[in-house]
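In what follows, a single structure is set out as structure tokens and then discussed.
The values are calculated or read from the model by the stated rules, or taken from the named source; none is laboratory data. Given the structure is predicted, the values throughout are model-derived calculations rather than measurements. With ideal geometry, Cβ positions are generated from the backbone for all residues, glycine too; neighbour counts draw on all protein chains shown.
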Amino acid sequence: MFQIMSLPNPVLAASFDLEQLTSDLVASISASPRGALNVALQQALAHTVETKVNAQLSVLLEGIGDAFYSLDEHWRFSYINRAAETYFDLPRQTMLHKVIWDMFPKSEGTDLRRRYEEVFLFGTSVSFEAEAVGRPGRHLEFHVFPYNGGIGVSFRDWTERRRAEEELRTSEARLSALANNAPACMFYQTNHSPEYHARRVLYVSRTCERLTGVPAEEAQANPDLLYSLVLPEHRDRMLARRLESLRDITECQEEFEIRHARTGETRWHRIIATPRHLEGGGIVWDGIQIDITDHKRSEERLRLLINELNHRVKNTLATVQSLASQSFRGLKTGSLQDQPGLHAIFEARLFALARGHDLLTRENWEGASLGEIVTQAFALIATWPTTAAGSGSTGRICAWRRPWHSACQWPCTNCAPTQSSTALWALPTAESISPGRPSKPWPDSVS
């Protein structure tokens, strides 16, 4: 049978007077016969030491911060400290010398009870986490060990800490999923020496492999691996910019070319990184690296389009200038009565030019057949009123006149394939289409 040691209440132990113990010891010795003197002395000394040790142990158990209670070999509470009393929300006097399983009947068949019994039977200490009996949703951290013939139990409620840890894990998982699934960028965190030479990769998202061809694990194990993929002509500029950012603790943005480790393709990347001081005195860089190759190509295409647009606008303006010059070149020598006719000629030529542009626009400016251009131009002529050539006119084109010859021949002989639209201004006009002779001859040359 295990020896039972019942610890006194800490309040009573703390108030125990050593002088009273000494008086009791002297009285016990005086009242004892000489033969029993040694036995009485030993018992008194043992009782004194035990009382002193128990008092000091009570102070220790009250001050450890964790809740603590002890159970004897009959599973009865033999000691309960103030933290355990607060947790159970019961006066310790109502629990002392009561069987724990009677106090908490819901513990029958629980993992907690099984572990208690294992410690009692095998005499081995264990530490584990379990849900509190009788208090659903509360999680405790237990340390159970053999103690004075029974077991001692130290525990703390870590429910709030567990919730915080779970929330932190959930948040980290969410951020990690966001970083690992970003389509064209990767997130990273690095630590550098004050001189920005030795560095350590603290974190890099899994999209690193997609952007650079280097798995995240390899990039984290070898901090210089990603930097070695940057084309040499960008490295000095990048280092100077980083040192400047480190000196001022400001955001750093860089664009550079990098060679993909697997495909060998040269890609454009942009880095946006910000240094920050740690509490321990170090510096950490939080950054994002983005593949901007498509953006760079779009910029180049836009630049080419702007240049092409500028070129075409200049050509169109030059064409309009030529149309105006051709249409009004006889104005100085002609009479004012010719002005309406000249305006009609100029307007018709502009309409023909516009139709050519519309046709090329429909074809994405990749070219159009000459037949379509001529058809579009003569479709405009067919809509002119017959009164322009006199009453009863059939509006036929005079094949014997130069306008038909010029309209068909000039674009073929004087224009490159991509200049078809600019040749439309030479097509027939109202004054050159009539059943009779026109009032003004078709020009023999164009300029």
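Within region 173-195, residues that are modelled with pLDDT under 80 have Cβ atoms under 6 Å from residues that are charged (D, E, K, R) in these pairs: 192/199, counting only partners at least 6 apart in sequence or on another chain.
Under the condition of being surrounded by 13 or more Cβ atoms within 10 Å (Cβ to Cβ), outside any loop (DSSP other than H, G, I, E, B) and within 19 Å of the chain's Cα centre (by Cα), the residues counted in region 172-207 number 13.
With respect to residue 92, is the statement that it is surrounded by 12 or more Cβ atoms within 10 Å (Cβ to Cβ) and under 21 Å from residue 162 (Cβ atoms) true? For residue 92, the condition - surrounded by 12 or more Cβ atoms within 10 Å (Cβ to Cβ) and under 21 Å from residue 162 (Cβ atoms) - is not met. Checking each residue of region 315-326 against the condition of being closer than 30 Å to residue 203 by Cα and at pLDDT below 95 gives no match. Would you check if residue 245 is more than 17 Å from residue 204 (Cβ to Cβ) and small (Gly, Ala, Ser)? Answer is yes for this residue.
Screening residue 306 on (1) within 30 Å of residue 349 (Cα to Cα); (2) at pLDDT below 90 shows it passes everything except condition (2).
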